[in-house]
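Presented below is the structure to which this report refers.
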Amino acid sequence: MRTRRALVMAPVMPEFDRESGSRRIHDLLIFLRDAGWAVTFVAQRAPDGERYRRLLQQAGIATFVGFDDVTDLIMSGGHYDLALFEFWNIAEQHLAFIRRASPQTRVVVDSIDLHFVRHARRVFLPTTPGGQGGLLDNAYGAEMVRELNIYAASDAVLAVSEKEAGMINDLLGDSNAARCVPDCEEFAASPVPCAERKGILFLGSFRHTPNIDAIDFFCRQVAPLVDPRVLEADPLQVVGTGMDDTIRDIARTVPHSRAIGWVPSVVPYIERARIMVVPLLYGAGTKRKLVQSLMIGTPTVSTTVGIEGLGLKHRKHALVADDPREFARHVESLCRDTALWGRIAASSREHIMPVHGREAARRRFLDAIEAVMAREPKKPELASPDKDHNYRISLHYQRLAHRVREAIASHVPEGATVLVASRGDPAFVQVVGRQGWHFPQDEGGGYAGYHPADSAAAIVHLEQLRARGGNYFVLPGTAFWWRTFYGEFQRHLDETYQRVTGGEDAIIYRLN
């Protein structure tokens, strides 16, 4: 059975231990890999992301950085069954091109959250307590049109909640357009009893503006209304990546507080906190921090926006308030009332596990993918911003593959077996009179579906295939990045074998 191939594109390398969206992307990549897909991941940028890139490659996921011509070459020559775009604006950059370059590829957009909902709520939010918010402008309308058009042009949309999936389906007039694939976690209940818990925990990435506004709201409007004895017994702890002096100054306005910043794992903090607070004023999607606290069994006080999409009931699964004074009263109640604390801790975990457990989310995701694979892909309807550019890229790739085959024909004798870093494209290994092998390859001789994890793995695999009859190794121009990324492998080739040719299109080594 042919291995199916998936291309996943996202704005950044998934920093799964720092941000919720990154954790979701990482989960979906692993779900695809574990289901037998050969997965290629491309990040638009990777600031300080080398560790995460290396971890993905070690997990068997071919990983690239940068939406440049190399990415276009990957897409036009990749023969992908599935293209999964994380966020609509990433899909907007590539959807039209991939429709033309690979018409049979199914295109799925993972919304993560609905941007037009989050942006509208931010604009309408009053700038002062009891004040009036702003109004939407034409720029907002234009962006909303772009977002909805991308959802309509895709073969399927993933949403983090049934509420947002239903909203997309209503707007598109198609009950099957979007499916809910919830965020997932897999945590045991906290072993720390209520009597040994301490602290009010605020958790969130401060790269995300709603979290900045949320901590400001809690510290300046809610905390002053909380009994000082509660804040002394259970001090505020602020945990999250992207913390700067502004966030620290906000936290210092609350007596006894601690601004901790990024931590390798949030689990110990959630397990030991008396309560968690989620004082979000606006946003969209679902809140992973709330899923985590409910699963671990740490009772939470949240705003209405914070619990959205999770099906939670006030006083059963969490305490909910939007008014600062009422929010403060709920904080006091959960910190003082151990019976209420125990009831909410038990019922919240029972509620969240069936939907947001890892296995439940995995099944929903793979079911959604299989559903879209069973349908015919949509026809290309969006105009490309640069048709001539896309045509040139596709033509350039075809011409490059032709020149690589010519180089092999010129420098490799007939009857020889040639190993080619082909990315699985038969155009690079079908050379008349020569036996072409994909590199790396699986046990059956087909393309392995991923790049070597590191130089050591590449060297071992090369020597295995040489022992089985490989006579030459070819590095096409599409894989020249190997020379720096797999530095030790490159040195092994140069020091051990003869370089037959090394032009702009291909480098060829003789292995015997």
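Mind listing just one residue for me: the one in the range 333-356 that is touching a residue at least 60 places away in the same chain (Cβ under 8 Å) and surrounded by fewer than 18 Cβ atoms within 10 Å (Cβ to Cβ) and, of those, nearest to Val157 (Cα to Cα)? I'd like the intermediate steps shown before the answer.
Step one: of the range 333-356, the residues touching a residue at least 60 places away in the same chain (Cβ under 8 Å) are 334-336, 338, 341-342, 345, 349, 352, 355-356.
Subset that is surrounded by fewer than 18 Cβ atoms within 10 Å (Cβ to Cβ): 336, 338, 342.
Numbers: Arg336: 44, Thr338: 43, Gly342: 38 Å.
Step by step, filter the range 333-356, then rank; the result is Gly342.
If you scan the range 407-450, which residues turn out to be among the β-branched types (Val, Ile, Thr) and in a loop (DSSP other than H, G, I, E, B)? Don't jump to the end; show me each part of the working.
We begin by selecting, within the range 407-450, every residue among the β-branched types (Val, Ile, Thr); these are 408, 412, 417-418, 420, 429, 431-432.
Val412, Val429, Val431, Val432, listed by residue number.
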Seminar exercise, completed: The residue from Ala457, Ala453 that alone is closer than 23 Å to Ala62 by Cα, assigned to a loop (DSSP other than H, G, I, E, B), of a type in the set (A, V, I, L, M) and not assigned by TED's automatic domain parsing to the domain that holds Leu55 is Ala453
Exercise. Which one of these does Ile200 not meet: (1) at negative phi; (2) of a type in the set (A, V, I, L, M); (3) not assigned by TED's automatic domain parsing to the domain that holds Gln221?
Worked result: (3)
Exercise. Looking at Val267, Val226, which one is outside the structural domain of Pro126 (by TED's automatic domain parsing) and either farther than 19 Å from Arg23 by Cα or surrounded by 21 or more Cβ atoms within 10 Å (Cβ to Cβ) (or both)?
Worked result: Val226
Problem set entry | Contacts under 9 angstrom Cβ, first residue in the range 366-387 being among the polar types (S, T, N, Q), partner modelled with pLDDT under 90 and not in a loop (DSSP other than H, G, I, E, B), 6 or more apart | Ser384/Ala96; Ser384/Phe97; Ser384/Arg99; Ser384/Arg100; Ser384/Asn390
Exercise. Is at least one residue of the range 148-155 surrounded by 14 or more Cβ atoms within 10 Å (Cβ to Cβ), touching an Asp or Glu at 6+ places or on another chain (Cβ under 9 Å) and among the charged types (D, E, K, R)?
Worked result: yes
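Sort out which residues of the range 138-162 are of a type in the set (S, T, N, Q) and touching a strand residue (DSSP E or B) at 6+ places or on another chain (Cβ under 8 Å), and write them in order of number. Show your work before the answer.
Of all residues in the range 138-162, those of a type in the set (S, T, N, Q) come to 138, 149, 154, 161.
If the condition is that a residue be of a type in the set (S, T, N, Q) and touching a strand residue (DSSP E or B) at 6+ places or on another chain (Cβ under 8 Å), then Ser154, Ser161 are the ones that fit.
Here is a list: Gly204, Gly199. Which entry is touching a residue at least 40 places away in the same chain (Cβ under 8 Å), of a type outside the set (A, V, I, L, M, F, W, C) and under 24 Å from Ser22 (Cβ atoms)?
Working: Gly199 fails: under 24 Å from Ser22 (Cβ atoms).
Of the residues listed, the single one that is touching a residue at least 40 places away in the same chain (Cβ under 8 Å), of a type outside the set (A, V, I, L, M, F, W, C) and under 24 Å from Ser22 (Cβ atoms) is Gly204.
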Exercise. When the range 414-441 is examined, which residues are found to be under 27 Å from the mean Cα position of the chain (by Cα) and modelled with pLDDT under 85?
Worked result: Arg423, Gly424, Asp425
Problem set entry | Residue pairs meeting the criteria (Cβ under 9 Å; at least 6 apart or on separate chains; first acidic (Asp, Glu), in the range 269-293; second assigned to a helix (DSSP H, G or I)) | Glu271/Ile296
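Evaluate the following for Met243: is it outside any helix (DSSP H, G or I), out of contact with any Asp or Glu (no Cβ under 9 Å at 6 or more places or on another chain) and touching a residue at least 60 places away in the same chain (Cβ under 8 Å)? Show your work before the answer.
Numbers: outside any helix (DSSP H, G or I): yes; out of contact with any Asp or Glu (no Cβ under 9 Å at 6 or more places or on another chain): yes; touching a residue at least 60 places away in the same chain (Cβ under 8 Å): no.
No.
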For this session: Mind listing whichever residues of the range 125-146 are under 20 Å from Gln221 (Cα atoms) and within 29 Å of the chain's Cα centre (by Cα)?
Result: Leu125
Problem set entry | Among the residues listed as Phe97, Phe87, Phe124, Phe64, the single one being on the phi > 0 side of the Ramachandran plot and among the aromatic types (Phe, Trp, Tyr) | Phe87
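Looking at the range 152-220, what strands (runs of 3 or more DSSP E) fall wholly within it and have at least 1 residues that are more than 27 Å from Glu332 (Cα to Cα) and modelled with pLDDT of 95 or more? I'd like the intermediate steps shown before the answer.
Details: elements: 156-159, 178-180, 200-203.
Passing ranges, in order: 156-159, 178-180.
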For this session: Give the number of residues within the range 92-117 that are within 23 Å of Arg179 (Cα to Cα), surrounded by 18 or more Cβ atoms within 10 Å (Cβ to Cβ) and not β-branched (Val, Ile, Thr).
Result: 12
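Yes/no per residue for (1) modelled with pLDDT under 95; (2) assigned by TED's automatic domain parsing to the domain that holds Lys163; (3) not hydroxyl-bearing (Ser, Thr, Tyr):
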{"site": "Val230", "(1), (2), (3)": "no, no, yes"}
{"site": "Gln237", "(1), (2), (3)": "no, no, yes"}
{"site": "Thr241", "(1), (2), (3)": "yes, no, no"}
{"site": "Ala251", "(1), (2), (3)": "no, no, yes"}
{"site": "Ser257", "(1), (2), (3)": "no, no, no"}
{"site": "Arg274", "(1), (2), (3)": "no, no, yes"}
{"site": "Leu280", "(1), (2), (3)": "no, no, yes"}
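The values are calculated or read from the model by the stated rules, or taken from the named source; none is laboratory data. The shown structure was predicted, so the numbers you read here are calculated from the model rather than taken from an experiment. Counting neighbours? That spans all protein chains shown, and the Cβs are built from the backbone with ideal geometry, glycine included.
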